[in-house]
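Asks: Pasting in a structure now, in C-alpha coordinates, and then I'll have a few things to ask.
The values are calculated or read from the model by the stated rules, or taken from the named source; none is laboratory data. What you see is a predicted model; the values in this text were computed from it and never measured. Here the Cβ positions follow ideal geometry from the backbone for every residue, glycine too, while neighbour counts run over all protein chains shown. Side chains are part of the model used for accessible areas, which takes the heavy atoms of the whole protein and leaves out ligands, DNA and RNA. Shrake-Rupley method; radii C 1.70, N 1.55, O 1.52, S 1.80 Å.
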Amino acid sequence: MIQDVLGLTENESNAYRELLRRPSCSAAELAEVLSVPEGEAAGVMGRLEVLGLAARNGQAPGRLSASPPRLALGSMLVHRQNALRLAELELGSLEELYRATMAERSSSDVLDVVRGVEATRQRLEQLQTGARSEILCLVQAPARFVSTTENTATEAAAAARGVAYRVVLERRMLEEDDGIVEELERAVQAGEEVRVTDSVPVKLMIADRELAMVPMGGRGHAADGALLVRPGGLLDALTGLFEMVWQRSSRLTVPRVGEVAESTPSALDETDARIMSLLVAGLTDQAVAVRLGLSLRTVQRRVGQLMKLTGAQTRLQLGLQAARLGWA
(Lines give C-alpha, C1' and ligand atoms only; values in the text may rest on other atoms or scores of the structure.)
Protein backbone atom coordinates (compact mmCIF):
# COMPACT_ATOMS: atom_id res chain seq x y z
CA MET A 1 0.00 0.00 0.00
CA ILE A 2 1.32 3.45 -0.89
CA GLN A 3 0.43 4.83 2.55
CA ASP A 4 2.83 2.34 4.16
CA VAL A 5 5.69 3.08 1.77
CA LEU A 6 5.30 6.85 1.51
CA GLY A 7 3.86 7.72 4.89
CA LEU A 8 0.36 8.66 3.75
CA THR A 9 -2.68 8.22 5.97
CA GLU A 10 -5.37 5.80 4.89
CA ASN A 11 -7.69 8.70 3.96
CA GLU A 12 -4.94 10.39 1.93
CA SER A 13 -4.21 7.19 0.06
CA ASN A 14 -7.91 6.55 -0.64
CA ALA A 15 -8.43 10.17 -1.68
CA TYR A 16 -5.55 10.02 -4.18
CA ARG A 17 -6.92 6.80 -5.65
CA GLU A 18 -10.34 8.44 -5.99
CA LEU A 19 -8.81 11.46 -7.74
CA LEU A 20 -7.13 9.11 -10.22
CA ARG A 21 -10.56 7.77 -11.14
CA ARG A 22 -12.00 11.23 -11.93
CA PRO A 23 -11.04 14.19 -14.10
CA SER A 24 -11.46 16.34 -10.97
CA CYS A 25 -13.09 16.21 -7.56
CA SER A 26 -14.54 18.64 -5.01
CA ALA A 27 -14.32 18.45 -1.22
CA ALA A 28 -18.04 17.58 -1.02
CA GLU A 29 -17.67 14.70 -3.48
CA LEU A 30 -14.59 13.39 -1.71
CA ALA A 31 -16.30 13.63 1.69
CA GLU A 32 -19.07 11.39 0.41
CA VAL A 33 -16.61 8.80 -0.92
CA LEU A 34 -14.50 8.76 2.25
CA SER A 35 -17.50 8.97 4.59
CA VAL A 36 -15.98 11.92 6.46
CA PRO A 37 -17.13 15.51 7.11
CA GLU A 38 -16.55 17.93 4.25
CA GLY A 39 -14.10 19.97 6.31
CA GLU A 40 -11.96 16.88 6.91
CA ALA A 41 -12.08 16.02 3.21
CA ALA A 42 -10.94 19.55 2.37
CA GLY A 43 -7.99 19.08 4.76
CA VAL A 44 -7.05 15.83 3.02
CA MET A 45 -7.19 17.60 -0.35
CA GLY A 46 -4.92 20.34 0.99
CA ARG A 47 -2.44 17.74 2.20
CA LEU A 48 -2.40 16.03 -1.22
CA GLU A 49 -1.77 19.39 -2.85
CA VAL A 50 1.16 20.10 -0.52
CA LEU A 51 2.64 16.67 -1.28
CA GLY A 52 2.35 17.30 -5.00
CA LEU A 53 -0.09 14.46 -5.49
CA ALA A 54 -2.83 16.78 -6.73
CA ALA A 55 -3.26 20.26 -8.21
CA ARG A 56 -6.06 22.83 -8.44
CA ASN A 57 -8.19 22.60 -11.54
CA GLY A 58 -7.62 25.77 -13.56
CA GLN A 59 -11.20 25.92 -14.81
CA ALA A 60 -12.77 25.15 -11.42
CA PRO A 61 -10.60 26.43 -8.52
CA GLY A 62 -12.58 24.48 -5.91
CA ARG A 63 -11.72 21.17 -7.51
CA LEU A 64 -8.55 19.08 -7.52
CA SER A 65 -7.07 16.83 -10.21
CA ALA A 66 -4.60 14.04 -9.55
CA SER A 67 -0.98 14.47 -10.55
CA PRO A 68 0.45 11.64 -12.72
CA PRO A 69 1.55 8.79 -10.36
CA ARG A 70 4.97 8.28 -11.96
CA LEU A 71 5.77 11.98 -11.64
CA ALA A 72 4.31 12.58 -8.17
CA LEU A 73 5.13 9.30 -6.45
CA GLY A 74 8.49 9.01 -8.20
CA SER A 75 9.55 12.30 -6.65
CA MET A 76 8.40 11.17 -3.21
CA LEU A 77 10.29 7.89 -3.59
CA VAL A 78 13.50 9.74 -4.44
CA HIS A 79 13.12 11.85 -1.30
CA ARG A 80 12.55 8.70 0.78
CA GLN A 81 15.56 6.97 -0.77
CA ASN A 82 17.74 10.00 -0.05
CA ALA A 83 16.49 10.05 3.54
CA LEU A 84 17.35 6.34 3.90
CA ARG A 85 20.86 6.93 2.56
CA LEU A 86 21.39 9.72 5.08
CA ALA A 87 20.03 7.47 7.84
CA GLU A 88 22.48 4.73 6.83
CA LEU A 89 25.38 7.20 6.96
CA GLU A 90 24.25 8.40 10.38
CA LEU A 91 23.94 4.80 11.56
CA GLY A 92 27.51 4.12 10.44
CA SER A 93 28.73 7.19 12.29
CA LEU A 94 26.92 6.16 15.46
CA GLU A 95 28.31 2.62 15.19
CA GLU A 96 31.86 4.02 14.96
CA LEU A 97 31.22 6.17 18.02
CA TYR A 98 29.86 3.14 19.89
CA ARG A 99 32.85 0.97 18.96
CA ALA A 100 35.26 3.69 20.07
CA THR A 101 33.46 3.95 23.41
CA MET A 102 33.46 0.17 23.79
CA ALA A 103 37.23 0.05 23.21
CA GLU A 104 37.77 2.47 26.09
CA ARG A 105 35.69 0.51 28.57
CA SER A 106 37.32 -1.76 31.09
CA SER A 107 37.21 -5.51 30.60
CA SER A 108 34.65 -5.82 33.42
CA ASP A 109 32.33 -3.24 31.90
CA VAL A 110 30.46 -5.56 29.56
CA LEU A 111 26.97 -5.42 31.09
CA ASP A 112 24.06 -3.02 30.80
CA VAL A 113 21.14 -3.29 33.22
CA VAL A 114 17.69 -3.01 31.69
CA ARG A 115 15.09 -2.14 34.31
CA GLY A 116 11.35 -2.66 34.09
CA VAL A 117 9.15 -5.17 32.31
CA GLU A 118 8.25 -2.84 29.42
CA ALA A 119 11.87 -1.84 28.84
CA THR A 120 12.86 -5.52 28.80
CA ARG A 121 10.13 -6.37 26.29
CA GLN A 122 11.31 -3.51 24.10
CA ARG A 123 14.93 -4.71 24.18
CA LEU A 124 13.89 -8.28 23.35
CA GLU A 125 11.99 -6.98 20.34
CA GLN A 126 14.95 -4.80 19.31
CA LEU A 127 17.33 -7.76 19.49
CA GLN A 128 15.17 -9.63 17.01
CA THR A 129 14.29 -6.76 14.69
CA GLY A 130 17.95 -5.71 14.55
CA ALA A 131 19.35 -9.22 14.04
CA ARG A 132 21.07 -9.79 10.70
CA SER A 133 21.64 -13.54 10.57
CA GLU A 134 20.91 -15.56 13.73
CA ILE A 135 18.92 -15.70 16.94
CA LEU A 136 19.72 -18.29 19.63
CA CYS A 137 17.18 -18.81 22.45
CA LEU A 138 16.89 -20.82 25.63
CA VAL A 139 13.31 -20.69 26.90
CA GLN A 140 12.37 -21.53 30.49
CA ALA A 141 8.89 -21.98 31.85
CA PRO A 142 7.06 -19.78 32.48
CA ALA A 143 7.61 -17.06 29.87
CA ARG A 144 7.36 -13.96 32.08
CA PHE A 145 8.25 -10.93 29.99
CA VAL A 146 6.94 -11.98 26.57
CA SER A 147 4.69 -14.97 26.02
CA THR A 148 5.21 -17.29 23.08
CA THR A 149 2.08 -15.93 21.41
CA GLU A 150 3.04 -12.27 21.96
CA ASN A 151 6.48 -12.83 20.43
CA THR A 152 5.16 -14.60 17.33
CA ALA A 153 4.79 -11.52 15.10
CA THR A 154 8.30 -10.20 15.84
CA GLU A 155 9.82 -13.64 15.36
CA ALA A 156 7.94 -14.25 12.11
CA ALA A 157 9.06 -10.91 10.67
CA ALA A 158 12.71 -11.64 11.50
CA ALA A 159 12.51 -15.16 10.08
CA ALA A 160 10.87 -13.83 6.91
CA ARG A 161 13.88 -11.64 6.15
CA GLY A 162 16.27 -14.56 6.56
CA VAL A 163 17.21 -14.58 10.25
CA ALA A 164 17.85 -18.17 11.35
CA TYR A 165 16.28 -19.20 14.67
CA ARG A 166 17.53 -21.99 16.94
CA VAL A 167 15.38 -22.40 20.03
CA VAL A 168 15.53 -24.82 22.97
CA LEU A 169 12.61 -24.93 25.38
CA GLU A 170 11.74 -26.93 28.46
CA ARG A 171 9.56 -29.94 27.85
CA ARG A 172 7.00 -28.94 30.47
CA MET A 173 6.15 -25.84 28.42
CA LEU A 174 4.53 -28.17 25.87
CA GLU A 175 2.27 -29.38 28.66
CA GLU A 176 1.54 -26.13 30.48
CA ASP A 177 1.57 -23.28 27.93
CA ASP A 178 -1.78 -23.06 26.12
CA GLY A 179 -1.39 -22.55 22.39
CA ILE A 180 2.34 -23.22 22.30
CA VAL A 181 2.05 -26.44 20.27
CA GLU A 182 0.28 -24.63 17.44
CA GLU A 183 2.77 -21.75 17.55
CA LEU A 184 5.71 -24.15 17.45
CA GLU A 185 4.19 -26.02 14.53
CA ARG A 186 3.98 -22.78 12.55
CA ALA A 187 7.55 -21.87 13.52
CA VAL A 188 8.99 -25.23 12.46
CA GLN A 189 7.08 -25.19 9.19
CA ALA A 190 8.50 -21.68 8.56
CA GLY A 191 12.02 -23.12 8.79
CA GLU A 192 12.97 -22.49 12.42
CA GLU A 193 14.86 -25.16 14.35
CA VAL A 194 13.26 -26.05 17.67
CA ARG A 195 14.47 -28.53 20.26
CA VAL A 196 13.17 -29.60 23.66
CA THR A 197 14.91 -30.78 26.83
CA ASP A 198 13.98 -31.63 30.41
CA SER A 199 15.51 -28.49 31.91
CA VAL A 200 16.95 -25.24 30.57
CA PRO A 201 19.54 -23.66 32.92
CA VAL A 202 18.72 -20.02 32.13
CA LYS A 203 16.52 -17.86 29.96
CA LEU A 204 18.67 -16.48 27.21
CA MET A 205 18.53 -14.74 23.83
CA ILE A 206 21.63 -14.12 21.70
CA ALA A 207 21.55 -12.03 18.52
CA ASP A 208 24.26 -12.56 15.89
CA ARG A 209 26.61 -13.74 18.68
CA GLU A 210 27.17 -10.04 19.41
CA LEU A 211 24.57 -9.24 22.06
CA ALA A 212 22.81 -11.38 24.64
CA MET A 213 19.99 -10.78 27.08
CA VAL A 214 19.51 -12.65 30.35
CA PRO A 215 16.53 -11.81 32.60
CA MET A 216 17.49 -11.01 36.20
CA GLY A 217 16.08 -13.04 39.05
CA GLY A 218 16.72 -16.60 37.96
CA ARG A 219 14.38 -19.57 38.13
CA GLY A 220 11.54 -19.16 40.58
CA HIS A 221 12.44 -15.58 41.48
CA ALA A 222 10.57 -12.46 40.44
CA ALA A 223 12.48 -10.17 38.07
CA ASP A 224 11.69 -6.74 36.71
CA GLY A 225 14.66 -6.36 34.41
CA ALA A 226 17.44 -8.03 32.50
CA LEU A 227 21.16 -7.93 31.76
CA LEU A 228 22.34 -6.96 28.29
CA VAL A 229 25.68 -8.65 27.63
CA ARG A 230 28.11 -7.18 25.12
CA PRO A 231 31.06 -8.94 23.39
CA GLY A 232 33.57 -10.46 25.76
CA GLY A 233 34.31 -13.59 27.74
CA LEU A 234 30.86 -13.67 29.34
CA LEU A 235 29.10 -13.56 25.96
CA ASP A 236 31.40 -16.34 24.71
CA ALA A 237 30.48 -18.42 27.76
CA LEU A 238 26.75 -17.88 27.21
CA THR A 239 27.08 -18.83 23.55
CA GLY A 240 28.97 -21.97 24.57
CA LEU A 241 26.26 -22.78 27.13
CA PHE A 242 23.60 -22.53 24.44
CA GLU A 243 25.52 -24.91 22.15
CA MET A 244 25.91 -27.45 24.98
CA VAL A 245 22.18 -27.38 25.74
CA TRP A 246 21.39 -27.54 22.02
CA GLN A 247 23.51 -30.68 21.54
CA ARG A 248 21.78 -32.61 24.33
CA SER A 249 18.24 -31.61 23.31
CA SER A 250 15.72 -33.48 21.17
CA ARG A 251 14.62 -32.11 17.82
CA LEU A 252 10.97 -31.10 17.58
CA THR A 253 9.50 -32.02 14.22
CA VAL A 254 6.17 -31.27 12.60
CA PRO A 255 5.54 -33.84 9.87
CA ARG A 256 3.20 -32.70 7.11
CA VAL A 257 0.28 -34.91 6.20
CA GLY A 258 1.32 -37.51 3.62
CA GLU A 259 4.91 -36.25 3.51
CA VAL A 260 6.35 -39.58 4.67
CA ALA A 261 4.43 -41.68 2.15
CA GLU A 262 7.61 -42.73 0.29
CA SER A 263 9.44 -43.95 3.40
CA THR A 264 6.73 -45.94 5.18
CA PRO A 265 4.05 -48.43 4.14
CA SER A 266 1.34 -46.10 5.42
CA ALA A 267 1.49 -42.31 5.48
CA LEU A 268 0.68 -40.60 8.76
CA ASP A 269 -2.52 -38.65 8.92
CA GLU A 270 -2.49 -35.24 10.61
CA THR A 271 -3.45 -36.55 14.06
CA ASP A 272 -0.85 -39.33 14.05
CA ALA A 273 1.82 -36.89 12.86
CA ARG A 274 1.12 -34.53 15.76
CA ILE A 275 0.98 -37.40 18.27
CA MET A 276 4.32 -38.74 17.02
CA SER A 277 5.94 -35.32 17.19
CA LEU A 278 4.89 -34.79 20.82
CA LEU A 279 5.86 -38.32 21.86
CA VAL A 280 9.34 -37.88 20.43
CA ALA A 281 9.53 -34.57 22.33
CA GLY A 282 9.07 -36.61 25.52
CA LEU A 283 5.43 -36.00 26.48
CA THR A 284 3.41 -38.74 28.14
CA ASP A 285 0.26 -40.15 26.55
CA GLN A 286 -1.83 -38.16 29.02
CA ALA A 287 0.00 -34.91 28.20
CA VAL A 288 -0.38 -35.56 24.46
CA ALA A 289 -4.11 -36.15 24.94
CA VAL A 290 -4.50 -32.85 26.81
CA ARG A 291 -2.47 -30.84 24.26
CA LEU A 292 -4.39 -32.22 21.26
CA GLY A 293 -7.84 -32.31 22.85
CA LEU A 294 -8.12 -36.10 22.51
CA SER A 295 -9.10 -38.77 24.99
CA LEU A 296 -6.34 -40.79 26.60
CA ARG A 297 -7.88 -43.92 25.13
CA THR A 298 -7.69 -42.46 21.61
CA VAL A 299 -4.02 -41.54 22.01
CA GLN A 300 -3.15 -44.96 23.38
CA ARG A 301 -5.04 -46.67 20.57
CA ARG A 302 -3.25 -44.62 17.91
CA VAL A 303 0.15 -45.18 19.53
CA GLY A 304 -0.59 -48.90 19.55
CA GLN A 305 -1.38 -48.75 15.83
CA LEU A 306 1.88 -46.91 15.15
CA MET A 307 3.83 -49.54 17.09
CA LYS A 308 2.13 -52.29 15.13
CA LEU A 309 2.83 -50.49 11.86
CA THR A 310 6.55 -50.15 12.62
CA GLY A 311 6.96 -53.47 14.38
CA ALA A 312 8.13 -51.73 17.56
CA GLN A 313 7.78 -53.61 20.85
CA THR A 314 8.55 -50.64 23.13
CA ARG A 315 8.19 -46.85 23.07
CA LEU A 316 11.96 -46.56 22.68
CA GLN A 317 11.86 -48.74 19.58
CA LEU A 318 8.97 -46.67 18.26
CA GLY A 319 11.06 -43.51 18.64
CA LEU A 320 13.99 -45.11 16.81
CA GLN A 321 11.74 -46.37 14.03
CA ALA A 322 10.10 -42.95 13.74
CA ALA A 323 13.50 -41.37 13.22
CA ARG A 324 14.48 -44.01 10.63
CA LEU A 325 11.24 -43.54 8.69
CA GLY A 326 11.43 -39.76 8.77
CA TRP A 327 8.52 -39.27 11.15
CA ALA A 328 10.68 -37.37 13.66
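Asks: Within segment 158-249, considering only strands (runs of 3 or more DSSP E) that don't extend past its boundaries, which have at least 1 residues that are surrounded by 15 or more Cβ atoms within 10 Å (Cβ to Cβ) and of a type in the set (Gly, Ala, Ser)?
Replies: The strands (runs of 3 or more DSSP E) meeting that bar are 204-207, 211-215, 225-229.
Asks: Only residues that are among the polar types (S, T, N, Q), open to solvent by 40 Å² or more (accessible area, probe 1.4 Å) and modelled with pLDDT under 75: list them for segment 250-295, please.
Replies: Passing the criteria: Ser263, Ser266.
Asks: Just checking, which of Ala237, Ala226, Ala212, Ala222 is among the aliphatic types (A, V, I, L, M) and at pLDDT below 85?
Replies: Only one candidate passes the filter, namely Ala222.
Asks: Just to be sure I understand the filter: pairs with C-beta atoms under 6 Å, separated by 6 or more residues or on different chains, first member in segment 270-282 and without any contact (Cβ under 8 Å) to a residue 40 or more places away in the chain, second member crowded, with 24+ Cβ neighbours inside 10 Å. Which pairs pass?
Replies: These pairs meet every condition: Ile275/Val288.
Asks: Could you please tell me which pairs satisfy a Cβ distance under 9 Å, a separation of 6+ or placement on different chains, a first residue in segment 103-128 that is buried (at least 17 other Cβ atoms within 10 Å of the Cβ) and assigned to a helix (DSSP H, G or I), and a second residue that is modelled with pLDDT under 80 and among the hydroxyl-bearing types (Ser, Thr, Tyr)?
Replies: Going by the 9 Å Cβ cut-off, the qualifying pairs are Leu124/Thr154; Glu125/Thr154; Gln128/Thr154.
Asks: Pull out all pairs, ordered by first then second residue, where Cβ-Cβ is under 7 Å, the residues are six or more apart or on different chains, the first lies in segment 189-209 and is on the phi > 0 side of the Ramachandran plot, and the second is open to solvent by 10 Å² or more (accessible area, probe 1.4 Å) and assigned to a loop (DSSP other than H, G, I, E, B).
Replies: Asp208/Arg132; Asp208/Ser133
Asks: Same structure, new question: Being more than 30 Å from Gly217 (Cα to Cα), charged (D, E, K, R), at pLDDT below 75 and loosely packed, with under 11 Cβ neighbours inside 10 Å is the filter here; which residues of segment 77-102 pass it?
Replies: Result: Glu95, Glu96.
Asks: Next up: I need a count of the residues in segment 267-286 that are in contact with a strand residue (DSSP E or B) (Cβ under 8 Å, 6 or more places away or on another chain) and outside any loop (DSSP other than H, G, I, E, B).
Replies: Number of matching residues: 1.
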